[in-house]
Structure formats: structure tokens, C-alpha cells
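Asker: Input: one structure, supplied below.
None of the figures in this text is laboratory data; all of them are computed from the coordinates on show. Please read these numbers as outputs of a predicted model, since none were measured by experiment. We place every Cβ from the backbone using ideal geometry, glycine too, and count neighbours over all the protein chains shown.
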Amino acid sequence: MTVLEVKNLSYSYGSGTPFYKKALSDISFKIEKGEFVAIIGHTGSGKSTLVSHLNALTRAQSGSIILNGEDIYKKGYNIKKARQTVGLVFQYPEYQLFEETVYRDIAFGPKNMGLSESEIKSRVISAASALEIDKSMFNSSPFELSGGQKRRVAIAGVIAMNPEILVLDEPAAGLDPKGRDRVMRLISEYRKNTGNTVIIVSHSMQDAANYADRVLVLNEGKLYLNGTVDEVFEKADELESIGLSVPPITKILIELHKKGYAVPLNVYTAEDAAKALLPLLKKEVK
Amino acid sequence: MAEHFISCKNVCFNYEGRSDAALKNVSLNIDKGELVAVLGHNGSGKSTLAKHLNGILTAQSGDVEVAGYNTKDENNIFNLRSRVGMVFQNPDNQLVATIVEEDVAFALENLGVEPKEIRKRVDEALEAVGMSEFKLSQPHKLSGGQKQRVAIAGVLAMSPDCIVLDEPTAMLDPKGRAQVMDTIIKLNRERGITVVLITHFMEEAALCDRIVVMNDGEVFLDGEPKEVFKHAQKLKDVGLAVPDVTSLCNSLQKLGVEIETSINKDEFIENIQKLLIG
């Protein structure tokens, strides 16, 4: 089932001024329920502008956004519905923490939705548990937490609104390797447990390859590629030409392939690469 | 202590209202011309340490001497800061002017440098980071990697002996990351500028001469990348990792393959080719 369809979307900044910039031009794609989609692209390629359209923070200058079969720009459509269907987690969301306690910060969204006290509580508890935030932290000030903890609290605040589509702009940027793996793993588990759709924007080719089912590649405001992880990352030279790359492990295999070794190219992790190299070794390994 | 360019001796620092110290008795020497990566989990004290290197923060106990100045000596703070420049994570927070070359000239104008000299230094700095052709561009129209190189040029125009970069590539795409790393390495190799690079990318650390790993406010490991990345498990325990190519070596070793541990792709490819049929 298609939950989100973007049709011929275009957007420019500063029309009629010297600062005119075409940010998105004629973008179309569909996203199915429960999919994990990564959006990659060079800085300034339009990724953040695109995601800000998905919950109607930015209104397209032309084209349409269809959420669960309904055109959100149609007259009479309640824009609040779009905001509740699509939960948007911005870059460095920890800068948006503001409440006195972790509990209240996570509860802020559900409260504004007008839910009952008991429903709010159960939302906060389940969102916190999804992001591995221990109950003992509920009464702490969010500002006393470590960088990784703050990030997880901020994401929990959006998850607590139970959006059908969770969109995260660079959810792991600036985190250390362990924090990065943890955030990505928790998002992936959240998707599995709820069946909700997840869209991430990322500069990490590794994260896109490891977690996504499908990758959308933006280049200068246009949809450049749209395919499975394998389909996208087999185009290493094209990605390179638009400022992107393939995961480091894949790079190694591509280089060996170019030297004439029969190695597979759709391998993205060290463990899988080791297994893929094994049959090609001269000596039998015990 | 005079022989080291940067010398930290038993440095302790506590942020107000925090129970655990951000830096606990850190002692560390960095020589002129070194290219040093500082790794550590979020909150390990990396940025706090960096801020001690040009006197943004000063040691509550212990001493930091940089370029012969004690960072606590307020009379010399401007001399110190003109020798040690800093570049931060978000390029958008660091660019102030509406034209690239004016941005690079900003600090020099504030220092009252002669216009002719400013022209010369700005041109040289932009040349050094490969941004000359953009000198009349508007900063907001540049890519992230380009903006970050302009920020580096702004520091470079002050002719510093040392540049401290705090996660300069965290917000950049792969090409931007590569451009910034190439620029940093070039400045170090060709101009002998001492570089302290704070990063969460193990691949970037592997390109440096030396890696200092911080953990909970202390120096946890300190050595050449090849040595430091031998400690895969130890690094994992403190929230870090090894470069992907090193994990690949480790995975192969676990499967019984006798291959040397590499920290860069080219070395690995050379080694694995000796073992492959083809």
C-alpha cells in the first residue's frame, strides 16, 4: 500500500530576488507502508527542503503530496492531519529540547495532540523504551544528559506522537561510532516493531546501505536515482560524479573487481566482505 | 617544556554544576608540525581539550603552554590566538561576511593589518584551500565542503602555526569530507602547520601521524594510527571503532586467514592480492 506519493514537486527559494535558487525540480516518487527509505545527496542537493514538504512545513510551488490517498493541498484538507501522520525529526534535534524534565519533553507532542493523561503516559513510556531511555532519567533535566542521550530523547518526543511515517534528517550526524550504531539500530527496530514507515536523510553511505530497503538519490534538486540499495550502490562512478560515494568496504571490492578478481560488489559490511573473499583464497583455510 | 609546541601538564577542568570532571589530569605534548587526531566518545572531553589550546577555556589546575605562552597569561592571549586558529563543526555559524574574500579578510581587518598585506594574505589563503575561483562568491551559495574550506582560509590568513579543528566534516557529504581532509593534510605537509583534528570518523584519523584517544576526561590511548587501531576491542569498549578496512582484516583473521592488519585501503589491497586466486 502506498502511504506517500510525491508528484512533480518543485520549489525555489527567493523567486524574483537575486537569491533565487531552484531547490527542487519535478520530483516524483512513491513510498510503501513499512518501507525504510534513505535519501542521499550532496549538501545543497535539496534533501532537507524535500523532507520539509512531507509534513507541509513548506508548501510546494507546484506539484502535489498525497498522504494515504489524500492530496494535502486540496481545499478543506486539515493540515494538522499531515503533521500527525508524518513525524519530522530535524538535524541536531537535541537543540530543540526545552522542557524541565525528560518526561515532559517527550510528553510535549502527545499533550498538544489533546490526548488523555493516561494515554500520554503510556505514549511516553513506550517511546522512551523504544529509544532505550531508562525510566530513572524521566525526572532529569534534558540538559544534563550526554549528547547521545539528548539525541535519543529528542527522537522519542517525535515517536511519542506515533506518526505513521517517521522522517529523520541526519539522525546519527555528530555521534560517536557507538552512539551512531545505537541510534540507527533503534530506528530500525522501531520500524520492525510498529510496521511504520521510516525515511532518513543521510550523508553516511554506510548507514543507507546497512539499514534502508530503498535509496533515493538527489542531485541539484532533481531525483537522480531511485532504487534498492544494490541498484543504487552498483553505480559507484555515477555517485562519485555527484559528490557521493559507496560504503568504504564496497570501494575495496570494486577496486579488486577492477583488478580482475571475481568478487561480488553488493557487499557493504566487513563481515560480509570477509565471507565473500574466502572462496577466492589460494590456500584452504581451516 | 619549551621544546614542545603544545604542552598540557596535569590539566583538570570541571564545568560548573557537573559532578564529573571534563578533563582529569591530562598530560599531553604535541610537537611542531605534527598531524594529530583526537578521538573519543561524545562527552569524553575532546572539545574541552581543544578549547584549552587557544585559551577559550583555561586549566583549573595544571598548565597548558602553547607556542611558548601559558594560556592563563591574559596579557598574551591575543598573541596566542593569532598563533592557534580554530575551526568548528558547522560552517554556517562561522562565516560572517556576504562575499567569500571579505569573510577571509575579517580577522585581518579587525587586527588592523595594512590593506595591501590583507589582499596578499587573503589571496594566498584562498589559493591554499583551493577556493580562489570562488573569492567573489556569496558564502551561502557554496557547498558545505566549500564553506568549510573558506572557514579554514579565514584562519589560515592569520598565518597561524597551528590549527585546531573540532569535527570539521561532521555535516559534510562524502566529497566535502574528502576535500576538507585533503586541504588539512596539504597544509600540514607543505606548510608545516601543526594540526589537531577532532573527529568521529576513524578513516580520517587513520590519515594522521598520531592518534590520541580520550575517554571520560583522560588520555586512554596515544600512538601511531597503526598501533592504536590494533586495539579494536578496547576502542569498542569506549564507544569507538576501527576503520572499516581494519574490521575487514579482523573479520578475515577470525575466519582463519593470515593477513596483516591494515588501516588503509591501498595497503590492504596489496596484501590481499598475494592471497587471492585470479
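Asker: List the residues whose amide H sits under 5 Å from the amide H of A:V3, counting only those 5 or more places along or on another chain, with H placed 1.01 Å from N in the peptide plane.
Answerer: A:I31, A:E32, A:K33
Asker: Please report A:D71, B:D161 as a ranked list, fewest other C-beta atoms within 10 angstrom at the top and most at the bottom.
Answerer: Ascending number of Cβ neighbours within 10 Å: A:D71, B:D161.
Asker: With θ set to phi - 60° and the Karplus curve 6.51 cos²θ - 1.76 cosθ + 1.60, what are the ³J(HN,Hα) couplings of region A:134-141 in order, to the nearest whole Hz, using x for Gly and Pro?
Answerer: 6, 4, 5, 8, 4, 8, 6, 6
Asker: Counting pairs of alpha carbon atoms under 8 Å apart in space and at least six apart in sequence, what relative contact order in percent does chain A give?
Answerer: Relative contact order of chain A: 21 percent.
Asker: Please enumerate, by chain and number, the lysines with C-alpha under 23 Å from the C-alpha of B:K254, excluding those fewer than 8 residues away in the same chain.
Answerer: Reachable lysines: A:K178, A:K251, A:K275, A:K282, A:K283, A:K286, B:K226, B:K230, B:K234, B:K236, B:K265, B:K274.
Asker: Order of B:F106, B:F229 from fewest to most other C-beta atoms within 10 Å?
Answerer: With the fewest neighbours first, B:F106, B:F229 line up as B:F106, B:F229.
Asker: OK, next. Please rank B:I185, B:I152, fewest neighbouring Cβ atoms within 10 Å first, as an exposure proxy.
Answerer: B:I185, B:I152
Asker: Enter the angle in degrees (range 0 to 90, nearest 10) between the Cα long axis of helix A:177-194 and the first principal axis of the Cα atoms of chain A, meaning the one along which they spread out most.
Answerer: Helix A:177-194 sits at roughly 70 degrees to that axis.
Asker: Now a separate question. Please turn the phi angles of region A:49-54 into ³J(HN,Hα) values with the Karplus equation 6.51 cos²θ - 1.76 cosθ + 1.60 (θ = phi - 60°), one per residue in order, whole Hz, x for glycine and proline.
Answerer: With coefficients 6.51, -1.76 and 1.60, one gets 4, 4, 5, 6, 7, 5 Hz.
Asker: Using DSSP to define loop residues, name the GluC sites (Glu not before Pro) in region A:1-108 whose beta-carbon has at most 14 other beta-carbon atoms within 10 Å.
Answerer: A:E100
Asker: Reachable aspartates and glutamates from B:K72, Cα under 12 Å, same-chain residues fewer than 8 places away excluded?
Answerer: The reachable aspartates and glutamates, counting only those whose Cα sits under 12 Å from B:K72, are B:D63.
Asker: Still on this structure: Which whole-Hz couplings ³J(HN,Hα) result when phi for each residue of region B:14-23 is put into the Karplus expression 6.51 cos²θ - 1.76 cosθ + 1.60, θ = phi - 60°, listed in order with x for Gly and Pro?
Answerer: 10, 6, 4, x, 9, 6, 8, 6, 7, 10
Asker: Restricting to region A:2-246, compute how many DSSP beta bridges are antiparallel as a %, nearest 5.
Answerer: Looking only at bridges with both residues in region A:2-246, the antiparallel portion is about 55 percent.
Asker: Between A:Y20 and B:L275, how many nm apart are label points set 7 Å from Cα along the C-beta direction?
Answerer: It is 5.9 nm.
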